[in-house]
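Encoded as structure tokens, the structure appears first; notes follow it.
The values are calculated or read from the model by the stated rules, or taken from the named source; none is laboratory data. Computed from a predicted model, the values in this text were never measured in an experiment. As a convention, Cβ positions derive from the backbone with ideal geometry for all residues, glycine included, and neighbour counts pool all protein chains shown.
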């Protein structure tokens, strides 16, 4: 049994909202915790596929979105059901039935893979890779501005050390 300390989320005059959930880890943190390196872009896991025998496909009329009257009259919305797990996915991203079929299959495959593999799924690895690249860029930016600030401080010190020499002879002759 895991025990997590209570965290106060918000305080109000009549009480507080408490949470006893564990702190949420990002996919990058979870991969680091498992001691797994994030692969390079060209070494990513392959996209998941689902056998056609495990899918029940249904075309639905209507919906909302772009397309006007065409959306209302055609059966372009696709609903896929994964028979072993019961996961249902619908797609109406485009006006084309074929494109919606393809999009729905990709979404369904991704959901099933996430359910089976968890943190090691392709979608989670892609998210972790994006977070890693963002953190790397942020680190570079901080280092750059630290370096610029340090150079600026050195320039200020050099400016303070400038000695001004006044020629007294020229000043006394002009008087």
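Worth a mention:
- So residue 52, is it under 15 Å from residue 107 (Cα atoms), in contact with a strand residue (DSSP E or B) (Cβ under 7 Å, 6 or more places away or on another chain) and surrounded by fewer than 14 Cβ atoms within 10 Å (Cβ to Cβ): no
- Only one entry of 106, 98, 113 meets the criterion of being assigned to a helix (DSSP H, G or I), under 26 Å from residue 52 (Cβ atoms), at pLDDT 85 or above and touching a helix residue (DSSP H, G or I) at 6+ places or on another chain (Cβ under 7 Å), and that entry is 113.
- Scanning the range 67-92 for residues that are part of a loop (DSSP other than H, G, I, E, B), crowded, with 16+ Cβ neighbours inside 10 Å and within 27 Å of the chain's Cα centre (by Cα) returns a single hit, 92.
- Residue tally, condition closer than 20 Å to residue 110 by Cβ and either part of a loop (DSSP other than H, G, I, E, B) or in contact with a strand residue (DSSP E or B) (Cβ under 8 Å, 6 or more places away or on another chain) (or both), over the range 37-49: 8
- Residues in the range 39-70 that are in contact (Cβ under 8 Å) with a residue 24 or more places away in the chain and at positive phi: 63, 65, 67.
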